[in-house]
Amino acid sequence: ASSENIQRVTDQMDVHGVVGVASHPDRLAEAGVGDAELLIAVTESDEINMVACQISHTIFRTPVKIARIRNQAYLNPLYADLYTPDDMPIDHIISPEKEVSAAVSNQLRVPGAFDVKDMCDGKVNLVGVLLTDDSPIRDEPLRHLTKLFPDLSLTVMAIIRNGKVVIPRSGDESMQTGDRVYFVCDKMHLQRAMASFGHEESEARSVVIAGGGSIGQMLAREIGANFENTAVQIIELHAAQARKLAEELQNTGIINGDALD
């Protein structure tokens, strides 16, 4: 809806810009949604994004609709049935806040990893680790891994070295200090796999979250649900929000104050 933003974007990129509310049918028509195969609604308003998808579906028959939704109330799994073609026609939901919370939670779940992704309904993990001087497999050819760890289900998928990606193919490649390594392993072997890379960091028992916004709340709930032995404290600047958090997060300590103090 900002003419200044539209002017800046159209000056810098080869795109067509329209000023207006993204959920208004006339603005969507002016933008060319009638001929579009994909709508991506990522305004700051969940409601505008949702209505834009609804109008694109009902009036313009847009095949695929993607919406950014940040409010946790809309993301509650209890209401997942809402997002169907016959109800709220959103094909994919983008939630940066949820992704950040999940990423931090994975860091806690697998200490020492800089990236963790679940695959095959959580049975397999894709893990990114930094190779250090302490790694037992440093400078070893990858084909030797099965000899060093015969019962460890682990496959190195990629090595990032000096900004370049190395895809292991022959098994003669070796990992060096400073490499960022992505590997896939069975979930049951994850702890041993991390140890083979020299990462045996202990799980965090105490976590302090600075800020009780959407990300802080999601992360506190995630830790409360999945980390039985981890205590959580949230530092929230605004007193009203701190009181609200204290009511909603029963097992989380809430401190009203400035995280920079």
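The values are calculated or read from the model by the stated rules, or taken from the named source; none is laboratory data. Nothing here was measured: the structure is a model prediction, and the numbers come from that model. Cβ atoms come from the backbone with ideal geometry, glycine included; neighbour counts cover every protein chain shown. Ligands, DNA and RNA are stripped out before the accessible areas are found, and what is left, the full protein with its side chains, is counted by its heavy atoms. Shrake-Rupley method; radii C 1.70, N 1.55, O 1.52, S 1.80 Å.
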Which trypsin sites (Lys or Arg not before Pro) from the stretch 47-115 combine a DSSP loop assignment with at most 16 other Cβ atoms within 10 Å? Arg61
How many angstrom separate the Cα center of the stretch 163-209 from the Cα center of the stretch 3-72? 41
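Across every pair of different alpha-carbon atoms, what Kirkwood hydrodynamic radius in Å does the stretch 156-261 reach? If you can, show how the numbers build up before the last one.
Values: mean 1/r = 0.0588 Å⁻¹.
Mean inverse Cα-Cα distance, inverted, gives 17.0 Å.
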On a 0 to 90 degree scale, rounded to 10, what angle separates helix 3-12 from the longest Cα axis of the chain? 50
So for the chain, averaging the separation of alpha carbon pairs under 8 Å that are six or more residues apart and normalising by length, what relative contact order in percent results? 12
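How much accessible area per residue does the chain have, counting only protein heavy atoms and a probe of 1.4 Å, in square angstrom? Numbers along the way, then the final one.
On the way: 15750 Å² over 261 residues.
With the other protein chains kept in place, the chain gives 60 Å² per residue.
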Measure nothing fancy, just the Cα-based angle from helix 214-226's long axis to the longest principal axis of the chain, in degrees from 0 to 90, nearest 10. 40
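Starting from the Cα-Cα distance between Ala240 and Glu37, subtract it from 0.36 nm times their residue separation and give me the gain in nm to one decimal. Display every interim value, and only then the final one.
On the way: separation 203, 0.36 × 203 = 73.08 nm, distance 4.41 nm.
Extra length available between Ala240 and Glu37 comes to 68.7 nm.
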Note down the nm distance, to one decimal, between modelled labels 7 Å out along Cα→Cβ at Val15 and at Asp151. 5.5
Within straight-line cross-link reach of Lys117, lysines at Cα separation under 27 Å, skipping those fewer than 8 residues along the same chain: Lys65, Lys98, Lys147, Lys164, Lys187
Label-point separation, Ile59 to Asn71 (7 Å along Cα→Cβ), nm: 2.2
How tilted is helix 239-248 with respect to the longest principal axis of the chain? Cα atoms for both, answer in degrees (0 to 90, nearest 10). 70
Per the helix-only calculation at 222 nm, which mean residue ellipticity applies to the chain, given -39500 (n - 2.57) for every DSSP H run of n ≥ 4 and division by its residues, nearest 500 deg cm²/dmol? -9000 deg cm²/dmol
Compute the distance from the alpha-carbon center of the stretch 100-142 to that of the stretch 212-261, in whole Å. 27
Work out how much length Asp87 to Val166 would gain on full extension: take 0.36 nm times their residue separation and subtract the Cα-Cα distance, in nm to one decimal. 23.9 nm
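Rounded to the nearest 5, what % of DSSP beta bridges with both residues in the chain are antiparallel?
Numbers: 23 of 39 bridges.
Counting DSSP beta bridges with both partners in the chain, the antiparallel share is about 60 percent.
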Return the label of the correct value of semi-axes √(5λ) of the Cα gyration tensor in Å, as calculated from the structure shown, out of (1) 24, 21, 18; (2) 40, 28, 18; (3) 72, 22, 18. (2)
Lys/Arg +1, Asp/Glu -1 at C-beta; the stretch 34-128 dipole; positive extreme among Cys120, Val42, Cys53: Cys120
